[in-house]
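Student: Below is one structure. I have some questions about it.
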Amino acid sequence: MPEAKRTTYPRARLAMAGTGLLMGFLPVAFPGWATTIAESYTARRSPTVNSERTSDALGRACGSGLNIQTAFQDDCELPVPSGERVEEMLTPYGAASLLAMQQIQAGRAVASARLVGARLASGMPAFRPGELIASHLLYGQHAGGAASGDLAGSGLSAFVNIEYRDTSRSRDEYIPGFNQDGWTLTLGADTRVTESFVFGGMANISRTKIDLKKDLGEIDVDGWGLAVYGTYFIENGAFLEGVAGFVRNDYDLSRRFSYSTEQVHVNQTAKASADGDLFYVSLGGGYTFARESLSFTPQLSLNYARQSVDSYRESMSNPSAPGGSLALAVGSQNNESLTSRVGFVIANAVSAGIGVVVPQLSFDWVHEFSADARNIPVLWVNDRSGQVWHLSSSPPDRNYYDIGVGLSAQFAHGRSGFIAFNRLLGYDKLEDYAVTAGFRMEF
């Protein structure tokens with residue numbers, strides 16, 4: 001159906017009289033619709049806290065009397081079919097969902113850095129804290145002679161890792177939920193500075209797609225990052241480690257606003273772009289208890305992350321068509337997170353004809369100390385009254401678990417590889433999976 005031209009509805013001329021005066025007249029004058037956009041918000045309870053706030057703000061803007069004879073006021077009076085959840089389409093859920101996504105990304109950034117950094121620092125393929133130590137001890141015990149020298153070599157090493165993530169967030173009182181999937185490719189190198197200290201760096205690129213549920217919009221994220229890491233080995237199986245990194249994200253957001261009545265066809269897509277940064281640092285350590293080929297490593301770490309997203313302003317796909325004046329301006333958002341990870345790793349080294357194979361199991365309890373829900377300022381770009389309201393992000397879960405299983409293998413001539421699967425457990429309204437594979441070569 002071709003898009004309808006703008007029509008000035010009778011309600012627009014009487015905005016100063018209040019949004020409820022024509023509730024009885026309009027369904028008769030315009031059969032097939034229940035009310036106007038401005039009035040539809042007061043007709044029933046909104047699905048979320050954020051859509052309720054959006055409805056209140058639009059009602060105040062449309063009834064302010066400052067937008068008379070403007071395209072914005074005309075859009076206030078667009079007919080709305082009975083039962084249509086227009087308030088959900090007008091709420092910038094993408095902005096509120098970004099922080100929920102960032103909180104998971106912050107934890108993943110630390111975990112990925114530990115995965116590709118200190119875990120592999122000596123050329124031993126591993127994916128959780130302590131496995132590096134366990135492998136080092138076990139290779140020496142079981143590889144034997146020249147093979148051991150090949151397996152546990154020193155000097156400069158380079159590695160490549162790729163991670164795939166799949167996340168699903170259910171509806172809560174703030175957002176409708178989203179599905180997210182993406183990948184991260186990491187390249188890095190490290191060197192043994194001394195017999196006890198390994199230092200390295202890495203760079204990564206990533207791409208993530210987030211689809212808001214109920215077909216309300218989507219977010220495409222392209223990112224790149226840099227990090228440095230180090231591991232210090234102490235006698236008798238203890239170790240200390242640290243990693244610090246930076247991630248730059250580019251966000252492309254879209255919000256769909258589309259419905260039809262006998263009088264009007266609304267088909268708009270609000271688009272915007274924003275930049276965001278993530279800085280993270282992690283300090284931790286552990287101790288490996290080894291008996292023959294089996295090792296057990298208790299471990300702990302403290303992890304800090306600071307995330308930010310710049311403000312952005314939407315542009316409508318067809319500004320002159322119905323709904324074209326309902327673009328939003330969204331303020332910047334910032335968040336800090338401080339988590340602890342306490343857990344263990346069990347690994348078992350098995351000698352094979354091709355080298356040493358190490359199946360591994362890890363379990364971490366993650367506790368969030370500081371992150372909380374955040375408020376994000378929002379306003380209508382074309383509203384002369386300047387109504388400002390605030391979206392709220394979903395608060396993070398304070399306690400959840402990260403369980404992982406994996407298999408690593410060390411071959412002759414300094415080559416190694418691994419594959420690992422991780423899943424978050426006990427995180428309210430969220431399912432998160434990650435599969436990571438990597439390869440390392442010594443020079």
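Student: If I filter segment 78-87 for residues that are under 16 Å from Q263 (Cα atoms), modelled with pLDDT of 90 or more, in contact with a Phe, Trp or Tyr (Cβ under 7 Å, 6 or more places away or on another chain) and in a loop (DSSP other than H, G, I, E, B), do I get at least one hit?
Tutor: no
Student: What's the number of the only condition in (1) surrounded by 20 or more Cβ atoms within 10 Å (Cβ to Cβ); (2) modelled with pLDDT of 85 or more; (3) in a helix (DSSP H, G or I) that E52 fails to meet?
Tutor: E52 satisfies every listed condition except (1).
Student: Can you name every residue in segment 386-424 that is over 24 Å from the mean Cα position of the chain (by Cα), in contact (Cβ under 8 Å) with a residue 40 or more places away in the chain and loosely packed, with under 15 Cβ neighbours inside 10 Å?
Tutor: Those that are over 24 Å from the mean Cα position of the chain (by Cα), in contact (Cβ under 8 Å) with a residue 40 or more places away in the chain and loosely packed, with under 15 Cβ neighbours inside 10 Å: V388, A412, H413.
Student: Cβ-Cβ under 7 Å, sequence separation 6+ or interchain: first residue in segment 358-385 and within 30 Å of G331 (Cβ to Cβ), partner of a type in the set (K, R) and in a strand (DSSP E or B). Which pairs?
Tutor: V366/R341; V381/R313
Student: So which of L407, L379 is part of a strand (DSSP E or B), among the aliphatic types (A, V, I, L, M) and modelled with pLDDT under 95?
Tutor: Exactly one residue qualifies, and that residue is L407.
Student: Go through segment 209-263 and give me each residue that's outside any strand (DSSP E or B) and among the acidic types (D, E).
Tutor: Of everything in segment 209-263, those that are outside any strand (DSSP E or B) and among the acidic types (D, E) turn out to be D215, E235, E262.
Student: Can you confirm whether I205 is loosely packed, with under 15 Cβ neighbours inside 10 Å, assigned to a strand (DSSP E or B) and either touching a residue at least 12 places away in the same chain (Cβ under 8 Å) or of a type in the set (A, V, I, L, M, F, W, C) (or both)?
Tutor: yes
Student: Somewhere in segment 173-194, is a residue among the aromatic types (F, W, Y), farther than 22 Å from V281 by Cα and either surrounded by 14 or more Cβ atoms within 10 Å (Cβ to Cβ) or at pLDDT below 90 (or both)?
Tutor: Yes: segment 173-194 contains one or more residues that are among the aromatic types (F, W, Y), farther than 22 Å from V281 by Cα and either surrounded by 14 or more Cβ atoms within 10 Å (Cβ to Cβ) or at pLDDT below 90 (or both).
Student: Looking only at segment 290-343, count how many residues are touching a helix residue (DSSP H, G or I) at 6+ places or on another chain (Cβ under 9 Å), assigned to a loop (DSSP other than H, G, I, E, B) and under 19 Å from V378 (Cα atoms).
Tutor: The number of residues fulfilling the criteria is 5.
Student: Keeping to segment 424-443, report how many residues are hydroxyl-bearing (S, T, Y) and in a strand (DSSP E or B).
Tutor: 2
Student: Mind checking which residues of segment 282-317 are in contact with a Lys or Arg (Cβ under 9 Å, 6 or more places away or on another chain) and surrounded by 15 or more Cβ atoms within 10 Å (Cβ to Cβ)?
Tutor: If the condition is that a residue be in contact with a Lys or Arg (Cβ under 9 Å, 6 or more places away or on another chain) and surrounded by 15 or more Cβ atoms within 10 Å (Cβ to Cβ), then S282, G284, T297, Q299, L300, S301, N303, E314, M316, S317 are the ones that fit.
The values are calculated or read from the model by the stated rules, or taken from the named source; none is laboratory data. Quick caveat, the model's predicted, so the values are computed rather than measured. As a convention, Cβ positions derive from the backbone with ideal geometry for all residues, glycine included, and neighbour counts pool all protein chains shown.
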